[in-house]
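A short reminder: the numbers here are calculations on the coordinates, not readings from a lab. Every value quoted in this text rests on a predicted model; they were computed, and no experiment measured them. Please note: Cβ atoms are built from the backbone with ideal geometry, for glycine as well, and neighbour counts cover all protein chains shown.
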Amino acid sequence: MNENLSEHTRNILGLRLPTDPRWVNLAEIELEEILTDHAYCEQKAATTCISLIQKNPDKELLVEELSPIVTEEWGHFRMVLAELKKRKLSLGKQRRDEYVNRLLEFQKKGGSPMERFLDQMLIMALIEARSCERFKRLSEGMEDAYMRKFYRKFMESEAGHYTLFITLAEHYVDKKKVRKRWAEWLEYEKLLMNEIALRGDRVH
């Protein structure tokens, strides 16, 4: 991973609004809550990839590429569980994910199956991009050196997943359509990030 990740985040992830640096301090104060939310994020990522495979068995590249991601995301879930246990913290209950729910509101409700597929790929790409950006913040800003290293690993993984979902979108859909819709998603996400309260107990 390029050490100059600030430039990487701007140019590659394309996110229009960076996370407020104060979020890291809030997350560190609420470590049990942020680890719990992180664990469920990894679990949901694994189950979503399984669902995408089930819904698109005819898309050979998607099936091949997402199959190992299921294993990787579930491995991440177990890693976060292990961290909670090591610190004698508990996995709390799963909470409503306002960020993801608001993203789902922007999905095309009608349109062709390919348009709906494109939105599914871009939602996943956007979630991975924002997760990467958030984990970058934690890997650079947490007081605990161990936790900085812990989140560095997740940051690098999320960047790869973001790239994969964009690649899959461009494989099955015209690239110009992908770029146009991606720009719309980025602008919507910027507005969304301005509206959602800054909370230290949530990854997003």
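Miscellaneous remarks
- Helical segments meeting 18 Å axial Cα length and Kyte-Doolittle -1.0 threshold in the chain (DSSP H): 31-55, 60-86, 113-141, 145-172
- Length released on extending from residue 64 to residue 44, taking residue separation times 0.36 nm less the Cα-Cα span: 5.3 nm
- R0 of 25 Å, Cβ-Cβ distance residue 29-residue 187: FRET efficiency to nearest 0.05: 0.20
- Zone of residue 198's modelled label, taken as backbone nitrogen in segment 30-58 under 16 Å from a point 7 Å along Cα→Cβ: 30
- Bridgeable lysines around residue 175 (alpha carbons under 20 Å apart, same-chain partners fewer than 8 residues away excluded): 59, 108.
- In plain terms, the C-alpha convex hull of the chain casts an average shadow of 11.0 nm² when viewed from every direction.
- In a simple Cβ point-charge model (Lys, Arg +1; Asp, Glu -1; nothing else charged), the chain has a dipole of about 260 debye relative to its Cα centre.
- Ranking of 53, 166, 196 by count of other Cβ atoms within 10 Å, fewest first: 196, 53, 166
- Kirkwood Rh (inverse of mean 1/r, distinct Cα pairs), segment 156-204, angstrom: 12.7 Å
- Ellipsoid semi-axes in whole angstrom, largest first, where each is sqrt(5λ) of the Cα gyration tensor of segment 22-104: 28, 16, 10
- Modelled spin-label separation between residue 101 and residue 116, with each label point placed 7 Å from Cα along the Cα-to-Cβ direction: 2.2 nm.
- Of the residues 193, 14, 91, the one whose Cα sits farthest toward the positive end of the charge dipole of the chain, with +1 on the Cβ of Lys and Arg and -1 on the Cβ of Asp and Glu, is 193.
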